[in-house]
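Taken together, the values in this text are just the output of simple stated rules run on the coordinates, not laboratory data. Being a predicted model, the structure only gives us computed values, none of them experimental. Glycine also receives a Cβ, built like all others from the backbone with ideal geometry; neighbour counts cover every protein chain displayed.
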Amino acid sequence: MGIPVKLEVFEGPLDLLLHLIDKNKIDIYDIPIVEITNQYMEYIRNMQREDLNVMSEFLVMAATLLDIKCRMLLPKEVNEEGEEEDPRQELVEQLLQYKMYKYIAYELKDRELDSDMILYKGPTIPEEVKEYVEPVDLDKLLGDLTLQKLSAIFQEVMKRQTDKIDPVRSKFGKIEKEEVTLTDKFTYIHSYMKDHKRFSFRQLLEQQHTKMHIVVTFLAILEMMKLGEIHVEQEVTCGDIMIERTGILTERTGDVDGN
């Protein structure tokens, strides 16, 4: 008749491995894989479980340990950097990660137990006390404050506000965007060319009042050159740019490029 053995219950194969490592006082970074594998196999042989899903997890870990044990007997593999690979490395990383989560779980459990011992008492202040407002003694509050001192404080505050004003930007008026379209400039230049068959570019720009009008006029001239409506030439370097209409005028109902 066999002697009944009561086994500890572990949450999983990693939990069992950590138990064996702690029990044998083994360095987790230098696990004697042969000894640990033998103890692990002995344990699962004595396990009596009806849950096959849980039992399969322990068997998978047993197969992993046997695989590592076999690889330890073979010549060590070398990685791309020429360093020898330790077959136990992946298992060690899993154990360290599991150990960290396990200790964090213990810490959270302790905090839960501690929080159960804390009691809070709701406020029981009477309504009369809650609504009480301490009266203000104006004489005590003002003290030796006089109208002269108040005036000096007011002047100092106003001076600080004045110092914050930018002396240049504060004089700027409201800046509004000037709407100028290419279609407007095409119409203007076509009308101008009815009275001027040949004219200088400078002469045309002198009729514009703002930078925006000058820029849009320049763009209109470029577009008309591309369409062949005008001919542009410059006889000498840095001389006037002369514009001459060619007789081909394009009707437009909207801005160029759909604008």
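List of remarks:
- Inter-label distance, nm, simple model (7 Å from Cα along the C-beta direction), MET100/ASP114: 2.2
- Put the Cα centre of segment 183-220 next to the Cα centre of segment 113-139 and the gap is 80 Å.
- Evaluating 6.51 cos²θ - 1.76 cosθ + 1.60 at θ = phi - 60° for every residue in segment 146-151, the Karplus couplings come out as 10, 4, 5, 5, 4, 5 Hz, glycine and proline recorded as x.
- In a DSSP loop and with at most 15 other Cβ atoms within 10 Å, the GluC sites (Glu not before Pro) in segment 95-139 are GLU131.
- 5 angstrom amide H check on SER200, placed H, neighbours 5+ away: ILE243
- The charge dipole of segment 182-252, taken about the Cα centre with unit charges on the Cβ atoms of Lys, Arg (+1) and Asp, Glu (-1), comes to about 140 debye, rounded to the nearest 20.
- Exceeding the 24 Å Cα-Cα cut-off - candidates LYS69/LYS102; LYS25/LYS76; LYS25/LYS109; LYS23/LYS76; LYS76/LYS102; LYS197/LYS226: LYS69/LYS102; LYS25/LYS76; LYS25/LYS109; LYS23/LYS76; LYS76/LYS102
- Most to least packed among 186-193, 137-144 [average Cβ atoms within 10 Å]: 186-193, 137-144
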